[in-house]
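J.: There's a structure below that I have some questions on.
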Amino acid sequence: MSTTTRPTQKPPTSVLTPKKLYLVLYNSASAVAWLTVLGRVVVTLNYKGDPFFVPLVVDNFARVTQTFAVMEILHALTGVVPAPVFTTLMQVASRLFLMYAITLPFPQLNASYWYSSMLCAWATTEVIRYTYFVFKQFDRIPASLHWLRYSAFLILYPIGISSEVAMTLRALWGPASSEVFAWSSWYPYALGAVLLSYIPGSVVLYGHMLKQRRKYLGAGAKGEEVKNQKKRQ
């Protein structure tokens, strides 16, 4: 089996323009950061055997790493990458909500397997995605990485969404509704509104990824190959 994807890619090039160099550095740094998050969660769970210790070693680092992802929105808005602005905004906003509206004000919720599974799903997804984008700058994407980019979400996305919803529900039914919490009068309603937004939001995001999978791995990939062959003629 070939180590690269089907010949739908552009001819390999080693020329690094300033834009490509920036994207290589950005995606490489992001991949390493998320790999660090994943490594800390997995090692802590294996070594301690208790999710209580996970936020002690990863919470702040994961929050900073996810916050840095606001650059994804700027990239889409400015055309640095050909990403849809709406789906990018939804993805980043939902994670920032978990980082700043759930895990930060209610740190007691982070000592659960839902928090660990959420970070593992996010981190695994991002390690694959950012590594893919690094190789893409050189037009040399390994076939296995290409397949993972458009297939891993089938499992990781439901895990991530389930964990996010569980974390939000635990906040809604617990500390967010407590009279001790300063924002208790309106915060539960805000969390409820966010939970309702997951119904259409998850359908849109998952549907987008399914379309991408059909385009690059399914029948759509053949059409892309024919189109690229005509361009090369």
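J.: Output the qualifying pairs, or none if there are none: Cβ atoms under 8 angstrom, residues six or more apart or on different chains, first residue in the range 165-179 and loosely packed, with under 13 Cβ neighbours inside 10 Å, second residue among the small types (Gly, Ala, Ser).
T.: Sorted first by the residue in the range 165-179, then by its partner, the pairs are Ser178/Ser184.
J.: Here's a follow-up. Within the set of pairs 6+ apart or on separate chains, which have a first residue in the range 74-92 that is closer than 25 Å to Leu119 by Cβ, a second that is crowded, with 18+ Cβ neighbours inside 10 Å and hydroxyl-bearing (Ser, Thr, Tyr), and C-beta atoms under 7 Å apart?
T.: Cβ pairs passing all conditions: Ala76/Thr88.
J.: Among (1) open to solvent by less than 20 Å² (accessible area, probe 1.4 Å); (2) farther than 18 Å from Val54 by Cβ; (3) out of contact with any Leu (no Cβ under 6 Å at 6 or more places or on another chain); (4) at pLDDT 95 or above, where does Tyr132 come up short?
T.: Tallying (1) open to solvent by less than 20 Å² (accessible area, probe 1.4 Å); (2) farther than 18 Å from Val54 by Cβ; (3) out of contact with any Leu (no Cβ under 6 Å at 6 or more places or on another chain); (4) at pLDDT 95 or above, Tyr132 fails exactly one: (3).
J.: Any idea which of Met118, Met99, Met71 is exposed (fewer than 15 other Cβ atoms within 10 Å of the Cβ), part of a helix (DSSP H, G or I) and in contact (Cβ under 8 Å) with a residue 24 or more places away in the chain?
T.: Details: Met118 fails: exposed (fewer than 15 other Cβ atoms within 10 Å of the Cβ); Met99 fails: exposed (fewer than 15 other Cβ atoms within 10 Å of the Cβ).
Of Met118, Met99, Met71, the one residue that is exposed (fewer than 15 other Cβ atoms within 10 Å of the Cβ), part of a helix (DSSP H, G or I) and in contact (Cβ under 8 Å) with a residue 24 or more places away in the chain is Met71.
J.: Please list, ordered by first then second residue, the pairs with beta carbon atoms under 9 Å, 6 or more apart or interchain, first in the range 38-50 and surrounded by fewer than 11 Cβ atoms within 10 Å (Cβ to Cβ), second modelled with pLDDT of 95 or more and among the aromatic types (Phe, Trp, Tyr).
T.: Final answer for the pair search is Tyr47/Phe53.
The values are calculated or read from the model by the stated rules, or taken from the named source; none is laboratory data. Because the structure is a prediction, the values reported are computed rather than measured. Note that we place each Cβ from the backbone using ideal geometry, even for glycine, and neighbour counts take in every protein chain shown. Note: accessible area is taken over every heavy atom of the protein model, side chains too, but ligands, DNA and RNA are not part of it. Shrake-Rupley method; radii C 1.70, N 1.55, O 1.52, S 1.80 Å.
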